[in-house]
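Below you'll find the structure, written out as structure tokens, and then a few comments.
The values are calculated or read from the model by the stated rules, or taken from the named source; none is laboratory data. Owing to the predicted nature of the structure, the values given are computational and were not obtained by experimental measurement. Here Cβ is always computed from backbone atoms with ideal geometry, including for glycine, and neighbour counts include all displayed protein chains. Surface accessibility is based on the protein's heavy atoms, side chains included, excluding ligands, DNA and RNA. Shrake-Rupley method; radii C 1.70, N 1.55, O 1.52, S 1.80 Å.
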Number of protein chains: 2
Amino acid sequence: ADPAAMDAARKRQAQLTKPAGALGDLEDLAVRLAGVFGTERPHPRGVAVIVAAGDHGVAADGVSAYPAEVTPAMVANFLADTPAGPGGAAVNALARTVGARVYVMDAGVNADLPEHPALIRAARRRGTRNLRVEAAMTREETEALILAGAALARQAIADGADLVIPGEMGIGNTTPAAALTARLLRLNAAQVTGRGTGVDDQRLSHKITVIREALDRSDATDPLDVLAEFGGYEIAAMLGVMLQAAALRRAVILDGFVEGAAALVGVALAPALRDYLFPAGECAEVGHAAQLTFLNLSPMFRLGLRLGEGTGGVLAAPLLLSAAATLREMRTFEEAGIPT
Amino acid sequence: ADPAAMDAARKRQAQLTKPAGALGDLEDLAVRLAGVFGTERPHPRGVAVIVAAGDHGVAADGVSAYPAEVTPAMVANFLADTPAGPGGAAVNALARTVGARVYVMDAGVNADLPEHPALIRAARRRGTRNLRVEAAMTREETEALILAGAALARQAIADGADLVIPGEMGIGNTTPAAALTARLLRLNAAQVTGRGTGVDDQRLSHKITVIREALDRSDATDPLDVLAEFGGYEIAAMLGVMLQAAALRRAVILDGFVEGAAALVGVALAPALRDYLFPAGECAEVGHAAQLTFLNLSPMFRLGLRLGEGTGGVLAAPLLLSAAATLREMRTFEEAGIPT
């Protein structure tokens, strides 16, 4: 980010017609946006949510409350014709409300997805290998998906996106997210493993065992090796989205725990990525708080979302657009003729 | 609110393509909106923020960090021509971002406000009397301002508002808000008195003494008597906005502590009002949490706002529009062909 622009934004903010600090966390968000966009008056406009879908070999171990067949069904749902417009999932409804554009990528779904002109096809394999027993992805697959995510981010940005939201769909993907978080933050499986879309106590205990076995299987620490060993195709794609958006000086809104895992790989590769990340909400997954603490970033709300798809990111977009607007559109005390 | 519509919304929500409860607090908000709008598929569109401004006799006692001259200066700021459009205050910048319409009312500012076609003039007096030593308003003034607020709410609703946000500007007005909250919730002055726009320890202690003297002066308990004794013109106007919006089955977004004080008077007069209230953020004022606990309502975010003007309400509007959109636009598992 641009420290000079952030300094200028702080100085401007101190002169705006409001008591110092009265806009709370919005003030820090505004200054960070100034840093991202390199101007004391940032003007983000377009919002894009890029939903990457992938399946997970580890789902066969019963780590999710839902069967893997839900992944392709939800991809179809993201693209469905509905009376309200394209897409009948939560992310579509929210994106229409806030004016965000939705991009849908097959990053590695375990199904024959029907032809659809809006579906971006980047799959190299139908679902990852089972991370409990072997590397989830090859290094070559991992890099291909990162590049596919980056390419789609470039397209979204060319279409006008200033706020870029990586989102995901993949039954079982809180398991790779937990494994990545554990390895990258040097925590144990129990410290980062939550209920995902809603497993019970017994399945949670099993999920922790699966993640522990995976972590015991490989001592990888190189970020891309860690991603290949324990990650997933949609997680690699989201990493590519984040790195490309930041490189093009766009703000990245971080939705939840799976996105956070991709972000941890990202900051391990390129620490400067952190300055482009804006966490949306604190999600219910136990490992999410550990991710945000490590990134030293605060979430904008606590609505208890645990859906994924980038939904939290879409909800947060108007808050960031609003934060930027205060720097851009508010008058100073001097302009308003108010003595200070 | 409409319990049948809420039941229908809950049943519909359980069938939507997401894990049960995965949209967190948004799900309860959506059901409450179904109750307000009387349909399982609520479709709020327009957003209006009504900023009522008034001065306070008690400001002469030094209860605020700012001089009373700031009130008329900020009214001018709400109406100023700026390169971005009408209004150079925070509420204007936020309202432009989310597409909300701003209405500005002189409810009782202590100044000759310049002519402006967009300024709604409802003042009966230039500022209230000092609530420490006498009733802030007469009963007749109180009722006149309630009716003026109601009339402006009707206008905003006729202009298309489905989400109505009462907002305020009035140097010193956290003092009447604290006095109202103390009396209506039967708390003492220290339990509900905070720093407003930023008084120091000494002035906070003085502010508590002023509020205690006011409470000792009158044993009023009738809600309108309490409002007249301890309230303010903009608070009465906001009460009128809330009651009228609820009567016309619109949702009211509650910004902060001063709005919350008006809401407490409102539910004392008409308990059904509570079902139409949607608190935006938890504000930094100590008495705000007590108000929300009494109303049994949860805020949507905790951004630490303490500005007023309805700013928090404007930031919350996209969240409510989004919550309603999930009920309206998401497909059910059956529609998406996903087995459950």
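Considering every residue within segment A:62-73, establish whether at least one is more than 30 Å from A:ILE171 (Cα to Cα) and in a loop (DSSP other than H, G, I, E, B). No, segment A:62-73 contains no residue that is more than 30 Å from A:ILE171 (Cα to Cα) and in a loop (DSSP other than H, G, I, E, B). Listed conditions (1) touching a Leu at 6+ places or on another chain (Cβ under 9 Å); (2) facing chain A (nearest Cβ under 9 Å); (3) buried (at least 17 other Cβ atoms within 10 Å of the Cβ) are all met by B:ILE338, apart from (1). Being open to solvent by less than 30 Å² (accessible area, probe 1.4 Å), assigned to a loop (DSSP other than H, G, I, E, B), within 24 Å of A:LEU152 (Cβ to Cβ) and modelled with pLDDT of 95 or more is a property that A:PRO42 has. Could we say that A:GLY194 is at pLDDT below 95 and in contact with a helix residue (DSSP H, G or I) (Cβ under 6 Å, 6 or more places away or on another chain) here? Considered against the rule, which asks whether it is at pLDDT below 95 and in contact with a helix residue (DSSP H, G or I) (Cβ under 6 Å, 6 or more places away or on another chain), A:GLY194 comes out as yes. Among the residues of segment A:124-162, the ones that are outside any helix (DSSP H, G or I), buried (at least 24 other Cβ atoms within 10 Å of the Cβ) and either of a type in the set (Ser, Thr, Tyr) or touching a Leu at 6+ places or on another chain (Cβ under 6 Å) (or both) come to 1 in all.
Let's see how each residue does on (1) more than 24 Å from A:LEU243 (Cα to Cα); (2) modelled with pLDDT under 95; (3) among the acidic types (Asp, Glu); (4) within 18 Å of the chain's Cα centre (by Cα):
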| residue | (1), (2), (3), (4) |
| --- | --- |
| A:ALA161 | no, no, no, yes |
| A:VAL164 | no, no, no, yes |
| A:MET169 | no, no, no, yes |
| A:ALA179 | no, no, no, yes |
| A:ARG203 | yes, yes, no, no |
| A:ALA220 | no, no, no, no |
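Results for (1) under 21 Å from B:PRO318 (Cβ atoms); (2) in contact (Cβ under 8 Å) with a residue 60 or more places away in the chain, shown as yes or no for each residue.
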site	(1), (2)
A:ALA90	yes, yes
A:ALA100	yes, yes
A:MET105	no, yes
A:ASP112	no, no
A:ALA122	no, yes
A:VAL133	no, yes
A:MET137	no, yes
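Here A:LEU264 meets each of (1) closer than 26 Å to B:GLY281 by Cβ; (2) open to solvent by less than 10 Å² (accessible area, probe 1.4 Å); (3) touching a residue at least 24 places away in the same chain (Cβ under 8 Å) with one exception, condition (1). Conditions first: (1) within 20 Å of B:HIS56 (Cα to Cα); (2) open to solvent by 50 Å² or more (accessible area, probe 1.4 Å); (3) touching a Ser or Thr at 6+ places or on another chain (Cβ under 9 Å). B:ASP216 passes all but one, so which condition is the exception? Every condition holds for B:ASP216 apart from (3). Is it true that B:VAL47 is more than 10 Å from chain A (Cβ to nearest Cβ), of a type outside the set (Lys, Arg) and touching a Phe, Trp or Tyr at 6+ places or on another chain (Cβ under 6 Å)? For B:VAL47, the condition - more than 10 Å from chain A (Cβ to nearest Cβ), of a type outside the set (Lys, Arg) and touching a Phe, Trp or Tyr at 6+ places or on another chain (Cβ under 6 Å) - is not met. Of the residues making up segment A:17-39, those that are assigned to a helix (DSSP H, G or I) and either of a type in the set (Val, Ile, Thr) or open to solvent by less than 10 Å² (accessible area, probe 1.4 Å) (or both) number 7.
Number of residues in segment B:65-115 that are acidic (Asp, Glu) and under 15 Å from B:GLU309 (Cα atoms) equals 1.
Can B:LEU254 be described as surrounded by 24 or more Cβ atoms within 10 Å (Cβ to Cβ), in contact (Cβ under 8 Å) with a residue 12 or more places away in the chain, under 28 Å from A:ALA280 (Cβ atoms) and away from every other protein chain (no Cβ under 14 Å)? For B:LEU254, the condition - surrounded by 24 or more Cβ atoms within 10 Å (Cβ to Cβ), in contact (Cβ under 8 Å) with a residue 12 or more places away in the chain, under 28 Å from A:ALA280 (Cβ atoms) and away from every other protein chain (no Cβ under 14 Å) - is met. For segment A:275-309, the tally of residues that are aliphatic (A, V, I, L, M), more than 8 Å from chain B (Cβ to nearest Cβ) and either open to solvent by 20 Å² or more (accessible area, probe 1.4 Å) or more than 18 Å from A:VAL164 (Cα to Cα) (or both) stands at 5.
Would you check if A:ALA14 is open to solvent by 20 Å² or more (accessible area, probe 1.4 Å) and facing chain B (nearest Cβ under 8 Å)? Taking the combined requirement at face value, the residue does not satisfy it. Residues satisfying the criterion are absent from segment B:321-328 (criterion: open to solvent by 10 Å² or more (accessible area, probe 1.4 Å), at pLDDT below 95 and either in contact with a helix residue (DSSP H, G or I) (Cβ under 8 Å, 6 or more places away or on another chain) or within 14 Å of another protein chain (Cβ to nearest Cβ) (or both)).
Considering segment A:68-100, and only residues there that are more than 9 Å from chain B (Cβ to nearest Cβ), modelled with pLDDT of 95 or more and in contact with a helix residue (DSSP H, G or I) (Cβ under 7 Å, 6 or more places away or on another chain), the residue that is most open to solvent (accessible area, probe 1.4 Å) turns out to be A:PRO86.
Here is a yes/no grid of residues against (1) open to solvent by 20 Å² or more (accessible area, probe 1.4 Å); (2) out of contact with any strand residue (DSSP E or B) (no Cβ under 7 Å at 6 or more places or on another chain); (3) over 23 Å from A:ALA245 (Cβ atoms); (4) touching a residue at least 24 places away in the same chain (Cβ under 8 Å):
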{"site": "A:ILE50", "(1), (2), (3), (4)": "no, no, no, yes"}
{"site": "A:ALA53", "(1), (2), (3), (4)": "no, no, no, yes"}
{"site": "A:ALA59", "(1), (2), (3), (4)": "yes, yes, yes, yes"}
{"site": "A:SER64", "(1), (2), (3), (4)": "no, yes, yes, yes"}
